[in-house]
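*Asks:* Dropping a structure here in structure tokens format, bear with me for questions.
A short reminder: the numbers here are calculations on the coordinates, not readings from a lab. Here the structure is a predicted model, which means the values were calculated and not measured. Neighbour counts are summed over all protein chains in view; Cβ atoms, including those assigned to glycine, are modelled from backbone coordinates with ideal geometry.
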Amino acid sequence: MPRLRSMGRLIAWIVLAILALAALLAAAALWQVHRSVPMLDGQAHVAGLQSAVTIARDERGTAVVKGANRLDVARGLGFVHAQERFFEMDLTRRSAAGELSALFGPVALEHDKQRRLHRLRAMLAARLSTMDSGERALLQAYADGVNAGLAQLGAKPWQYLLLRAEPQPWQPVDSLLVIGEMFWMLQGNSVDEGLERAQLRECIGGEMFDWLEPRGGHWDAALDGSVLTPGAVPGPDIMDLRRTPATPVPAKDSPVARSDAPAFLDDVGALDRHEPMTGSNNWAVGGTRSVSGDAMLANDMHLGLGVPAIWFRAQFEIGGDAPIRAEGVTLPGVPAMVAGSNGHVAWGFTNSYGQWFDWVKVPERPDPAQLTHLTETIAVKGAADVKLDVVQFGGLPVVAKQGAQSYALHWVADFGDAYGLALDDMLKAGDVRSALSVAAASGIPEQNLLVADTHGAIAWTIAGARLNTQTPTSANFGRFVDAAALGQLHRPQLTPPGAAVLPIDDAPANDQLWTANARTYEPEATSPPAFDTTIGDGGYDLGARAQQIRDRLKATPRFDETTLGAIHFDDEALFLRPWAGRIVAIAASPTSRPEITKLLNDWNGRADADQAGYRLVSEVRKRVLDALWAAWSQPLVKAGQCPARKYDWHARFEYAAEEALDKQPAHLLPRGFASWDAFLLAQIDATVADMTRSGARPLAQATWGEANRSHVGHVLSRALPVLSRVLDMPSLPQSGDRNMPHVAAPAFGQSERLVVAPGHEERATLSMPGGQSGHPMSPYYGAGHADWVAGRATPLLAGPPQHVLTLSP
């Protein structure tokens, strides 16, 4: 017995020793992580400064960077970006360059192979050497600040401890790579869908393509007032499902309901390929439409939501003979103010969705003189380097292959001429005309720019490089470029400052402007055209969101910041009203569904989190569109022997579905249903079964917020879910959806909400979904998220400083 007690004590001591060691190791790890917490107070040294720079922080962590000149402020911004966000900056440059495998190992190899085909690092290094001296100096100053900020941390950023890696210094070219990654984020899906559309048109014919992929219709809200007509419904002589084999209706795990697994580091909020998930809203009213007589601008840029937020709140205070103060959002990795106000001009962006690319079919036997082979070496952590053969045809990267057919891509992002830092000149813009000139010279992904100035004027233009094509959009959409016409493809060009800026709208009707990723104008639809430059159609969103914003602006004679900003939260489901009407008509028919009738009669007509009615209508619509796309496209794809790939419906397929449901042509009814009513009822019943878990709970409990819970997470918690509790923001039911101003999906939505009248920034607001810092021990990790969730506007201008850091030469 004593021996057993002795053994028990020994085991107890061993367990206690193990627990003590574990606690010691945990404490050591936490201490090491804490050492990399960013500096908030005190002094630090930054080589190259001409004079001291201060970085003050308010309660939300807004960085007020104050210096004697622009380059010193760039060094200060680089310093604070590196301290708070270096890991995220590193991921961005590596993603663009195809260098993630060196950090993460083989799991990132396929991503890197895709990106290396574009050779962005080599191309942008060449571009850097041709930039003007002022831009190069700005990039170098920012890089110096980044590296100083990284060096001043007590330990390397905590993420590198987990990855057992060392951070690499920042180079000026890396900021151009960050811009390159934004091209991927904002245009990458459009480019891929452009190939899909060209293949589909080629194999099913133009008439059927124009029906399935219409360019516009009654939801249009173009700035020039143009409205396009969708393709005609095919007659039974062209398509008759009564004479074709039955196509199964998609099951409950349709692509809409069950997105395919994301590629490495892709945003989980952008997986629904049917409708654009990289968007944004902006709208503006001129001085005649505001209570105070000031022009006002609102902007919410829609992007994937994560921790930390993609943007970084900053306020520049630059001394000198012409002092500058500007406030808004910056992008870690780049020294410019992306969107905001400089006291004279306010500006904001939405993604343009123009056709900034062309696809070229490589001939089966290309001229060897047109082919180039280059070798890219990909470093892979924990494995041997990988050699990649990069093939170019006529100088264009060959980036896709299906069967024996290869495709070369002519994309603005692959040309150094499309990159630059002229956007930084927005800090000095004094009115809308000078701001438009800055936009035309800005080397950024092509965007809809809205601008307002202190003179009460507002304007719209396309910022970024032009392709200078006069080819009508209708002749370009969904078509390949003939390989023989390679020499006629346009190189992108930035418009020199002071040159003509086209297209523009600086005298808008009703003194209001709006953009929401839909078609903005149609040069060939007006005579003479309102604007004289074609931007093409790279897959515009349906115009429902833009139309709702336009009509909200029309409905209010005079705005202030509060009423203008209220449009951010407009989640009235005007787009789904026709769908609700169809469902009610079927539910109240002889095949009665009283639970559905009551649910929709009680629905408040909005995409509110507590509304099951909205969820029912939304999910029935998606199921119906899935079923109709499968029934109509699959026979065409099979008969046309289209290249093997997944062909998806996109937003404007809505027009074909609407017309079929309203006209109910017998020859287009999916097989297996006695009538269109029976078809729609089957989709309703299947949706109800999903929402009620096959009758296990009342339909009214299946709220929209349950399906639309927020998921604002850290990139590392995806790989290590155990970190989710520490790193992710709380998951909450949320209102809003796609086809309305209040855009909200689980990991996608309004990455900022800005409302500002330039010259009156003290009344302006800026809200963001995540905090300034990427360090979970920082007081600014997640700061502001609760306000964003609750819809509470926070000031654009920085509040009283809580911390002040001084950088000295």
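*Asks:* Mean 1/r over all different Cα pairs, inverted: what Kirkwood radius does region 430-489 give, in Å? Mind showing how you got there, number by number?
*Replies:* Numbers: mean 1/r = 0.0721 Å⁻¹.
Here the Kirkwood hydrodynamic radius works out to 13.9 Å.
*Asks:* Only helical DSSP H runs with n ≥ 4 go in: add -39500 (n - 2.57) per run for the chain, normalise by residue count and round the 222 nm mean residue ellipticity to 500 deg cm²/dmol.
*Replies:* Helix-only estimate at 222 nm: -10500 deg cm²/dmol.
*Asks:* If packing is taken as the mean number of other Cβ atoms within 10 Å per residue, what is the order of 314-321, 42-49, highest first? Please list the in-between numbers first.
*Replies:* Working: 314-321: 17.5, 42-49: 14.6.
Order by mean packing, descending: 314-321, 42-49.
*Asks:* Are there DSSP H segments in the chain that both extend 24 Å or more along their axis (alpha-carbon positions) and score a mean Kyte-Doolittle hydropathy of at least 1.0? List them, or say none. Intermediate results must be reported in sequence, preceding the final value.
*Replies:* On the way: long enough: 2-34 (47 Å, 1.38); 70-97 (29 Å, -0.29); 133-152 (28 Å, -0.03); 172-204 (47 Å, 0.17); 612-639 (41 Å, 0.09).
Helices meeting the span and hydropathy rule in the chain are 2-34.
*Asks:* Please report the base-10 log of the normalised intensity I(q)/I(0) for region 371-437, using a Debye sum with one equal scatterer per alpha carbon and no solvent, at each q in 0.18, 0.29 (1/Å).
*Replies:* -0.82, -1.18
*Asks:* Take peptides 561-568, 347-354, 618-625 and line them up by average Cβ neighbours within 10 Å, highest first, as a rough protection proxy. Present the calculation step by step, with values, prior to reporting the outcome.
*Replies:* On the way: 561-568: 19.5, 347-354: 27.6, 618-625: 23.2.
Highest-to-lowest ranking by the protection proxy: 347-354, 618-625, 561-568.
*Asks:* Still on this structure: If only Cα atoms are counted, what is the Rg of region 700-760, and what is its Dmax, in Å?
*Replies:* In order Rg, Dmax, the Cα atoms of region 700-760 give 15.1, 49 Å.
*Asks:* Provide the net charge surrounding residue 98, with neighbours chosen by a C-beta distance below 12 Å and charges set as Lys +1, Arg +1, Asp -1, Glu -1.
*Replies:* Values: positive: 93, 94, 113, 115, 116, 119, 121; negative: 99, 110, 112, 181, 376.
So the environment of residue 98 carries a net charge of +2.
*Asks:* Would you mind calculating the gained length between residue 113 and residue 237 on full extension (0.36 nm times residue separation, minus the Cα-Cα distance), in nm to one decimal? Before the final figure, lay out the partial values.
*Replies:* Values: separation 124, 0.36 × 124 = 44.64 nm, distance 4.61 nm.
Working it through step by step, the gained length comes to 40.0 nm.
*Asks:* Right, something else. Could you grab the Rg to Rh ratio for region 186-229? Cα atoms only, Kirkwood for Rh. The partial results should precede the final answer.
*Replies:* Details: Rg = 12.7 Å, Rh = 12.0 Å.
Reported Rg/Rh, Kirkwood definition of Rh: 1.06.
*Asks:* On a C-alpha basis, how far is the centre of region 192-229 from the centre of region 423-481 in Å? Whole number, if you could?
*Replies:* 24 Å
*Asks:* List the relative contact order of the chain as a percent without decimals, with contacts defined as Cα pairs under 8 Å and 6+ residues apart. Each step should come with its number before you reach the end.
*Replies:* Numbers: 1748 pairs, mean separation 163.5, N = 809.
Computed over the chain, the figure is 20 percent.
*Asks:* Hey, another quick one. Give the peptides 405-418, 434-447 in descending order of average Cβ contacts within 10 Å, highest first.
*Replies:* Working: 405-418: 21.0, 434-447: 24.9.
Ranked from most to least packed, the peptides come out as 434-447, 405-418.
*Asks:* For region 696-809, taking Cα atoms only, what is the radius of gyration to one decimal and the Dmax to the nearest whole Å?
*Replies:* When restricted to Cα atoms, region 696-809 yields Rg and Dmax of 17.5, 69 Å.
*Asks:* Relative to the compact-globule scaling 2.2 N^0.38 Å, provide the ratio for the alpha-carbon radius of gyration of the chain. Spell out each step's value before the answer.
*Replies:* Working: Rg = 27.6 Å, N = 809, 2.2 N^0.38 = 28.0 Å.
Ratio of Cα Rg to 2.2 N^0.38 Å: 0.99.
*Asks:* From Cα pairs below 8 angstrom and at least 6 apart in sequence, can you work out the relative contact order of region 170-248, rounded to a whole percent?
*Replies:* RCO, region 170-248: 19 percent.
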